[in-house]
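Engineer: Quick one: structure below, then a few questions.
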Amino acid sequence: MTDGVRVGDTVHDTARDRVGVVMARQGPYVQLRPLGGGREWDADPAHVRLLTPAELLSARVADVNTRSREGLVGVREDHTMRLHASHGGEQ
């Protein structure tokens, strides 16, 4: 696994061009899950890197937009609201 990547980190799987959250390490692979949940996939640790803060923000916004289009806005609203409040926004 690349240096500094831990369970819970959001990473980019460069081999599949996908963003996921590190869920575990299984044998020689890192198990990743899409930000909005879903089916995990195995990634080669040599092709996994941490997202930059800008990439992480972009990935989270894209996830919220996708869930909004699919009618799933409230699924992780508590997390979104905490992020908004921590940056001076209103709840």
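Engineer: Can you confirm whether the stretch 45-54 contains a residue that is outside any strand (DSSP E or B), over 14 Å from V5 (Cα atoms) and touching a residue at least 40 places away in the same chain (Cβ under 8 Å)?
Structural biologist: No; the residues of the stretch 45-54 include none that is outside any strand (DSSP E or B), over 14 Å from V5 (Cα atoms) and touching a residue at least 40 places away in the same chain (Cβ under 8 Å).
Engineer: Next question, about the same structure. Is there any pair linking a residue in the stretch 8-22 that is at negative phi to one that is outside any strand (DSSP E or B) and among the basic types (K, R), with Cβ under 7 Å and at least six apart or on different chains, and which?
Structural biologist: Sorted first by the residue in the stretch 8-22, then by its partner, the pairs are V22/R6.
Engineer: Next question. Within the stretch 19-31, does at least one residue satisfy the condition of being outside any loop (DSSP other than H, G, I, E, B), of a type outside the set (A, V, I, L, M, F, W, C) and touching a Pro at 6+ places or on another chain (Cβ under 6 Å)?
Structural biologist: Yes, the stretch 19-31 contains at least one residue that is outside any loop (DSSP other than H, G, I, E, B), of a type outside the set (A, V, I, L, M, F, W, C) and touching a Pro at 6+ places or on another chain (Cβ under 6 Å).
Engineer: Provide a single number: the residues in the stretch 8-45 that are surrounded by fewer than 17 Cβ atoms within 10 Å (Cβ to Cβ), of a type in the set (A, V, I, L, M, F, W, C) and modelled with pLDDT under 95.
Structural biologist: Final tally of qualifying residues: 0.
The values are calculated or read from the model by the stated rules, or taken from the named source; none is laboratory data. Just so it is clear, the model here is predicted, and its values are computed rather than measured. Neighbour counts are summed over all protein chains in view; Cβ atoms, including those assigned to glycine, are modelled from backbone coordinates with ideal geometry.
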